[in-house]
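The values are calculated or read from the model by the stated rules, or taken from the named source; none is laboratory data. Here the structure is a predicted model, which is why all the values come from computation and not from measurement. In this analysis, Cβ positions are derived from the backbone assuming ideal geometry, glycine residues included, and neighbour counts consider all displayed protein chains. What goes into the accessible areas is simple: the full protein's heavy atoms, side chains included, and nothing from ligands, DNA or RNA. Shrake-Rupley method; radii C 1.70, N 1.55, O 1.52, S 1.80 Å.
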Amino acid sequence: DTAVSQTPKYLVTQMGNDKSIKCEQNLGHDTMYWYKQDSKKFLKIMFSYNNKELIINETVPNRFSPKSPDKAHLNLHINSLELGDSAVYFCASSQSNNSPLHFGNGTRLTVT
Amino acid sequence: SQKIEQNSEALNIQEGKTATLTCNYTNYSPAYLQWYRQDPGRGPVFLLLIRENEKEKRKERLKVTFDTTLKQSLFHITASQPADSATYLCARNGGDSSYKLIFGSGTRLLVRP
């Protein structure tokens, strides 16, 4: 059983398109996150939701919009994709603050 | 702003030796530091968490230290094996939110058989 699963694993699309990445966790955690890992391997937090409520919103363009329909799901929608959006996006969850993160295996987004 | 710095150069060691990876942080001491392992094409996997008031933490062949004077954490793998080859990430809690983890760029470890 995969604890944190995200789909798709690979996403290749053209500039200007709108795309979504889905994430689900079956750990019963209250908090979910989206992180972005760039080509230099830095993992940077983008958003965090706790019990479906947005608690962290880093300096991310408005084109990125997270949606949490319930505690177990946190989806990421990206409008008007740009070349610079190409990266690996990781979903994660944690039991509470200060707890270790459980990551999915990432979605590699390539914008051409 | 808080930063985490890890040696970007890969660490190349012989099987059976102890690997030591360094993590340095800036500004005030974090309440805790976490270490993760990341394999190519996979998400990071949590290994150890050490709190500010703990000097050392161990788990099987892994050991982590936390030195608030040096603003540094060391991550040791004893009796290293080729299967330990991966990228190891250090992370600290962010000051403005206890939910935020700030990651270093990781150090790649290669254990030669």
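Here are the numbers for the structure shown:
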read-out: Average accessible surface area per residue within segment A:4-111, 1.4 Å rolling probe, Å²; value: 49
read-out: Rounded, prolate or oblate (a/c below 1.5 giving rounded, otherwise prolate when a/b exceeds b/c) for segment B:25-71 by Cα gyration tensor; value: oblate
read-out: Local electrostatic count, A:S86, Cβ distance below 10 Å [Lys/Arg +1, Asp/Glu -1]; value: -2
read-out: Zone of B:N24's modelled label, taken as backbone nitrogen in segment A:10-40 under 16 Å from a point 7 Å along Cα→Cβ; value: none
read-out: Buried accessible area, chains A and B (both chains, 1.4 Å probe, Å² to nearest 100); value: 1800
read-out: Accessible surface, chain B, averaged per residue in Å² (probe 1.4 Å); value: 49
read-out: Relative counts (whole %) of C-alpha pair distances in chain B, using bins that are 5 Å wide; value: 2, 12, 24, 25, 20, 10, 5, 1, 0
read-out: All-pairs Cα distance distribution in segment A:4-111, expressed in whole percent, bin size 10 Å; value: 16, 52, 28, 4
read-out: Shape of the protein assembly as shown, Cα gyration tensor, a/c cut at 1.5; value: prolate
read-out: Distance violations [Cα-Cα > 30 Å] among A:K9/A:K44; B:K57/B:K100; B:K59/B:K100; A:K67/B:K71; value: A:K67/B:K71
read-out: Net charge of Cβ neighbours under 11 Å - reference B:I4; Lys, Arg +1; Asp, Glu -1; value: +2
read-out: Apportionment of accessible area to carbon and sulfur, chain A, percent (1.4 Å); value: 46
read-out: Whole-percent carbon and sulfur share, accessible surface of chain B, 1.4 Å; value: 48
read-out: Low-density loop positions, trypsin sites (Lys or Arg not before Pro), segment B:17-113 - DSSP coil, at most 16 other Cβ in 10 Å; value: B:K17, B:R42, B:K55, B:R61, B:K71
read-out: Distance histogram for segment B:52-113 (every C-alpha pair counted, 5 angstrom bins, percent rounded to whole numbers); value: 4, 14, 20, 23, 21, 11, 5, 2, 0
read-out: Span from the segment B:59-113 Cα centroid across to the segment A:1-37 one, whole angstrom; value: 25
